[in-house]
Structure formats: structure tokens, C-alpha cells
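Everything on this sheet refers to the single structure shown next.
The values are calculated or read from the model by the stated rules, or taken from the named source; none is laboratory data. Remember, it's a predicted structure, so these values are computed and weren't measured experimentally. Positions of Cβ are backbone-derived with ideal geometry, glycine not excepted, and every protein chain shown enters the neighbour counts. Heavy atoms of the whole protein, side chains included, go into the accessibility calculation; ligands, DNA and RNA do not. Shrake-Rupley method; radii C 1.70, N 1.55, O 1.52, S 1.80 Å.
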Amino acid sequence: MSALAQQQQHFLESLFLPGTEGAMKNIAVCADSMGARGLKAYQSNGHALAERALLAAYPVLAQMLGAESFAALARALWHATPPQCGDMARWGDTLADFVAASPQLVDDPYLADVARVEWALHSCASAPDAELQAITLALLGSHALDMLQLQLAPGTALLHSPWPVASLVLAHTQGGVTLAEAATRLRAGQAEDVVVWRQGYRPRLRQALPDEALFVAALLRGVPLGAAMDAAPQLDIHAWLTDAVPSGLLLAVHPVDAL
């Protein structure tokens, strides 16, 4: 490796060192090309970029932690798992596990699942576009259910949590649940399954209906409709279909193996 390449490598490594002491160990190597002042400026810019990127993906977590604590969390993640590509919208997927392992946040174990829900919403927003194929819904009345598969909205995801994470996120974003209601459910330790999908271009979430998580999980695995219904005996399939089409969760019905 050339001397210039070595200098550049040391400089890049220094950008992600967690403390100024560690960074200064590499300063001597790259001082001729950039110097301590330039390195400090680049680190500051990196921290600001990390905060903006995480705030876009995790607005609820930012509200729950407060601006100062969230900024410190963003800086810590920046040093622990630096970006691996130029698209900062793809950085931050490790935050939930980072929060779960944080000694400072051990008293708030639900925060990691809040982060998981928010990342699912963030990922859903960039899922491939797809539109309702209304004509295919007629297959529900003309084919055996074991011969049909349901196509769900792009980015559809399920999350299982021992905490009321759907209520917590909804109370801070889409409404339908008040902060007081979410707090009551949190104190009670109420578990919630969460369904995430995209309605048009808008990411959505809600608490799963009884057995809906089992049903949707089966559909996402490509299980035929009849077998998926058998796996979720408590789910009112007629009520589910009535809501799933206008809400954008269900986009099409296909014969088995047609997808």
C-alpha cells in the first residue's frame, strides 16, 4: 500500500474512533495531509450526519429519549457500526440491537422493540411499488381457498413484542391511541403483535387482530389461503378481508404457484 493510501486509511479509521484520545493516535500519521483540526471537523460532520439519518428513521425513539440523549446514541452507533455504503438511509438497521445491549437503557427494555417497529416502517417506505389488482379479488368466489394465494402490500412485516409497541408508536405518530392509554398498557406489561405495511406511499402500522400474526406470517411464507386460515382459527377472515383491501394491505389474489 502506498504512503498516501496508508494516510487515507488511518484518516478514515480515525473518523470513527469513539474518543479524541484514540483519534489523536492516528493524527501523527495523517497530519501532513489533513491535521487535527481537519479531522475534528470531519468527525463533527459525521456526528451531525448520523443524528440526521437516525432522526429520519426513528422519530418516536428520539421523542422518547429526548434530543440530547438521542444525539449521544447516534454518535455512539456511528462509532460502533460505521456506515458501509454512501446511502445513509440504509444505515441504522443495527440500532435496535445496540439499544437492547446498552447498559444505560436497561431500565427501558421496550425501547429496542420501538426501534424495531420504526425500522420496519422506514424500510417499508422504500419497498417496491405495487398497485391493487381489483379484478383478481373475484377469484375468492370461484376457486377453492387451498388453490389461492394472497399478495400483500410491499414491505409488509410482522413484529412480536412483550411490550405495547404498536400503542407507543401510534401514540406518537398516526394517532388512534393517546399517550395516556399507551402508558397504561406499558405499565401493565401488555404484549402486542404489530402489522406494518404500506398504503400507497404511506407506511402504516396497527396492532394485530387475534391470530392475525399467524395468518399474515403464513401468507408471507406463500402458504395457500385455506391453510393460512387453518393456522389462525380466531381470525374473522371476512372482517379481515373487508378491511385489508381498502387499507391497502391486500393487493391481489392469485392461483397457487402463479406468483
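General observations
- Nonlocal amide H pairs with Val245, under 5 Å, H built at 1.01 Å: Leu250
- Built amide H within the under 5 Å cut-off of Ala208, gap 5+: Asp193, Val194, Val195
- Across the stretch 143-200, the mean sequence separation of Cα contacts (distance under 8 Å, 6 or more residues apart), normalised by length, yields a relative contact order of 48 percent.
- Cα→Cβ-extended label distance, 7 Å offset, between Leu241 and Ala72, nm: 5.4
- Rounded, prolate or oblate (a/c below 1.5 giving rounded, otherwise prolate when a/b exceeds b/c) for the stretch 198-259 by Cα gyration tensor: oblate
- Distances between placed amide hydrogens fall under 5 Å for Leu148 paired with Leu225, Gly226, Val256, all partners being 5 or more residues away or on another chain.
- Whole-number accessible area per residue in Å² for the stretch 99-214, which is evaluated in the context of all protein chains at 1.4 Å: 50
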